[in-house]
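Each remark here refers to the structure printed beneath this line.
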Amino acid sequence: MAVPKQGHTRAKVGKSRMHKYIKKVYLSVCPKCKKPILSHTVCLNCGFYKGNEVLNVMAKLTKKDKKAREKEIQQVEKEQKKDNPLTMEEMSQKK
């Protein structure tokens, strides 16, 4: 079996290991359901990507889970409406 004639110094080993570490995963927030997701990926909770529905998440769920998910989505949408101020068009329509 081959054996190196000279061993690696601690500095040499440390320099090679300097770049071998786990990088932190940066998560963004889904604008539809406010869940943390990886950026540039489809949200697995609501199935939306860039404002368009890409996956039909509700089709895969059971009846009980569908109702719970629909309630959760409606609750998030209500919170978003409360946070957003009215636009000029909505103010003119609302009397």
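Quick note: the coordinates plus some simple rules give every number you see, no bench work behind them. The structure presented is a predicted model; accordingly, all values stated were derived computationally and were not measured. Glycine gets a Cβ as well: all are built from the backbone with ideal geometry, and neighbour counts include every protein chain shown.
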Would you mind calculating the relative contact order of the chain from Cα pairs under 8 angstrom and at least 6 residues apart, reporting the percent as a whole number? 13
Cross-link table Lys50/Lys81; Lys35/Lys63; Lys34/Lys66; Lys23/Lys63, entries beyond 30 Å C-alpha to C-alpha: Lys23/Lys63
Hey, with R₀ at 30 Å, roughly what FRET efficiency would Asp65 and Glu90 work out to, going by the Cβ-Cβ distance, to 0.05? 0.35
What aspartates and glutamates could a cross-link reach from Lys32, if we take a straight Cα to Cα line under 20 Å and drop same-chain neighbours fewer than 8 places away? Glu53, Asp65, Glu70, Glu72, Glu77, Glu79, Asp83
Could you give the length gained on full extension between Arg17 and Lys50, defined as 0.36 nm per residue of separation minus the Cα-Cα distance, in nm? 8.0 nm
Looking at the square roots a ≥ b ≥ c of the eigenvalues of the Cα gyration tensor of region 24-84, which shape do they give, rounded for a/c under 1.5, prolate if a/b is larger than b/c, or oblate? oblate
Work out the length of the dipole vector of region 24-84 about its Cα centre, built from +1 on the beta-carbon of each Lys and Arg and -1 on the beta-carbon of each Asp and Glu, and round it to the nearest 20 debye. 200
Inter-label distance, nm, simple model (7 Å from Cα along the C-beta direction), Gln74/Gln6: 7.5
